[in-house]
Amino acid sequence: MWSQRGVVDYGLAKRATVQSLRSGRAARSDVCDAHPYLLRAARYHGEPTQRVCPICEYRNVTHVTYVYGDQLGRSAGRVKATSDLVQMAHEYEEFRVYVVEVCQGCSWNHLTVSFVLGNGGPPGNSGKDGQTAET
């Protein structure tokens, strides 16, 4: 995405969690504990992936994308489709995106990645002319 910055990949944490489960240091109930609202969001608003769940190894995980930011108003904390993020990045100065992977079979859930999007200018600036409020 053209304005993506401040990317945090949680892959190492995910691998550590899966390894803890496989080595017996964690119980399945500790890692397969998705909230019912998250499971519902995955079912109705999630985006399917081709990646198999690392826990049950039966179903593919679904990505649920949440957006947060002061400028988002009532949209803050809501699930958004990846396709909506492009337009939002043009409309808003800055907001944070969180992508959670969810298995609807075993209730595995883990934060996958977070990043910041936005045009970097005042609200309503499309960023197309390359100028911000300072210039």
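The values are calculated or read from the model by the stated rules, or taken from the named source; none is laboratory data. Small disclaimer: the values here were computed from a predicted structure and weren't measured. Cβ coordinates were reconstructed from backbone atoms using ideal geometry, including for glycine residues, and neighbour counts include every protein chain displayed. Just so you know, the surface numbers come from the protein's heavy atoms only, side chains and all, with ligands and any DNA or RNA stripped out. Shrake-Rupley method; radii C 1.70, N 1.55, O 1.52, S 1.80 Å.
Residue pairs whose Cβ atoms lie under 7 Å apart, separated by 6 or more positions or on different chains, with the first residue in segment 1-22 and closer than 23 Å to P54 by Cα and in contact (Cβ under 8 Å) with a residue 40 or more places away in the chain and the second assigned to a helix (DSSP H, G or I) and of a type outside the set (D, E, K, R), are T17/V31.
Taking segment 1-38 as the range and being closer than 30 Å to G120 by Cα, modelled with pLDDT of 95 or more and open to solvent by 100 Å² or more (accessible area, probe 1.4 Å) as the test, the residues that pass are D9, L12.
The single condition from (1) exposed (fewer than 11 other Cβ atoms within 10 Å of the Cβ); (2) at pLDDT below 95 that A76 fails is (1). Tell me, yes or no, whether segment 39-57 has at least one residue that is among the charged types (D, E, K, R), open to solvent by 60 Å² or more (accessible area, probe 1.4 Å), in a helix (DSSP H, G or I) and farther than 26 Å from S3 by Cβ. Within segment 39-57 (the criterion being among the charged types (D, E, K, R), open to solvent by 60 Å² or more (accessible area, probe 1.4 Å), in a helix (DSSP H, G or I) and farther than 26 Å from S3 by Cβ), the answer is yes, since at least one residue qualifies. When each of A81, A89 is tested for being under 12 Å from L117 (Cα atoms), in contact (Cβ under 8 Å) with a residue 24 or more places away in the chain, within 17 Å of the chain's Cα centre (by Cα) and open to solvent by less than 50 Å² (accessible area, probe 1.4 Å), the lone residue that passes is A89. Count of segment 22-38 residues, restricted to those that are under 20 Å from R78 (Cα atoms) and not in a helix (DSSP H, G or I), is 2.
Within the option set V18, V7, V61, being closer than 28 Å to D84 by Cα and touching a helix residue (DSSP H, G or I) at 6+ places or on another chain (Cβ under 9 Å) holds for one residue only, V61. Could you say whether any residue in segment 62-84 is within 22 Å of G11 (Cα to Cα), outside any helix (DSSP H, G or I) and polar (S, T, N, Q)? Among the residues of segment 62-84, at least one is within 22 Å of G11 (Cα to Cα), outside any helix (DSSP H, G or I) and polar (S, T, N, Q), which makes the answer yes.
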